[in-house]
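Remarks on the structure that follows.
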Amino acid sequence: MLRRQALAITAHLDSDSARIQAVNDWVYHNKGFDPNDQYFVVSALGPTPIQVMARGGFCADKSRLVAAMLNSIGIDAGLVMISPCLYCGFIHTVVEARYEGGRMVVDPTWNVDYPTGDGRFLGVTDLSGTNRGQERVAELRHQRPVTDKIQNMPDADADLEYAVAMNWDRNLVTRSVAATLQLMGYRPGELFRPRLLEDPKLFLIYLLVFLATILMFASLLLGRGVKVIIKSSTVSASPHI
């Protein structure tokens, strides 16, 4: 369903940047912005992208849907969480996606993107440490009607100074994963947020596969251990010639 809708929205477009904009615009106008209380199996995982498509949702929900729709048509995309300071809590969620010129940020809560005026768009790195985000919002406030939702957009929602796709400092596990990625030659801060974290169904599938793999190896090791014990017992019980 996600892929079918995304393909319908972008059928007449010939660039990834235009496809990203179109999907962002569609999600902005689709349903409302109230928190979506639906979930799949576990409430802590939140609503699935399909449930957000059907019922709408707040910033993280809408962004989850945009990222899922873009990924379904082959465009790399992931959520980015915005914080007002280095160790503050997160206050807003947007999407960063890969387009033909690099990476670009879109915001389905306020229907915002960040063009440069020469056909390119700004990503998280481009916006971080600048006031270009706030300037873009001010520009849109002048362009759109006074009744448009963007008139109430907080400037902090366009400040990506402390925006991250993953909170690698969250705990020992995430810090260990980040350290491992660095040793492997990756830059954790530049990676897209894994899809399985934004699709509860996908998360549970991966979790079940992981648990099944662990159980399989445990069973094999246990079986091998039993065989060794039986063989040792047989040898010990055999009469000496």
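The values are calculated or read from the model by the stated rules, or taken from the named source; none is laboratory data. Fair warning: this is a prediction, and the values are worked out from it, not measured in the lab. Glycine gets a Cβ as well: all are built from the backbone with ideal geometry, and neighbour counts include every protein chain shown.
Here T130 does not qualify as assigned to a loop (DSSP other than H, G, I, E, B) and touching a Cys at 6+ places or on another chain (Cβ under 9 Å). Against the criterion of being among the charged types (D, E, K, R), out of contact with any Asp or Glu (no Cβ under 6 Å at 6 or more places or on another chain) and touching a residue at least 60 places away in the same chain (Cβ under 8 Å), D107 qualifies. The numbered conditions (1) in a helix (DSSP H, G or I); (2) modelled with pLDDT of 95 or more; (3) surrounded by 15 or more Cβ atoms within 10 Å (Cβ to Cβ) are all true for I75 except (1).
Kindly check whether there is at least one residue in the stretch 82-97 that is charged (D, E, K, R), crowded, with 18+ Cβ neighbours inside 10 Å and at pLDDT below 95. No, every residue in the stretch 82-97 fails to be charged (D, E, K, R), crowded, with 18+ Cβ neighbours inside 10 Å and at pLDDT below 95. Taking V66 as the residue in question, decide whether it is in the same structural domain as S15 (by TED's automatic domain parsing), modelled with pLDDT of 95 or more and over 18 Å from N30 (Cβ atoms). No, not satisfied.
Check whether at least one residue in the stretch 53-60 is outside any helix (DSSP H, G or I), more than 26 Å from P115 (Cα to Cα) and either outside the structural domain of F121 (by TED's automatic domain parsing) or aromatic (F, W, Y) (or both), and report yes or no. Looking for residues that are outside any helix (DSSP H, G or I), more than 26 Å from P115 (Cα to Cα) and either outside the structural domain of F121 (by TED's automatic domain parsing) or aromatic (F, W, Y) (or both), one finds none in the stretch 53-60, hence no. State all residues of the stretch 30-47 that are in contact (Cβ under 8 Å) with a residue 40 or more places away in the chain and within 23 Å of W110 (Cβ to Cβ); if no residue qualifies, say none. Hits for the stretch 30-47 are F33, G46, P47.
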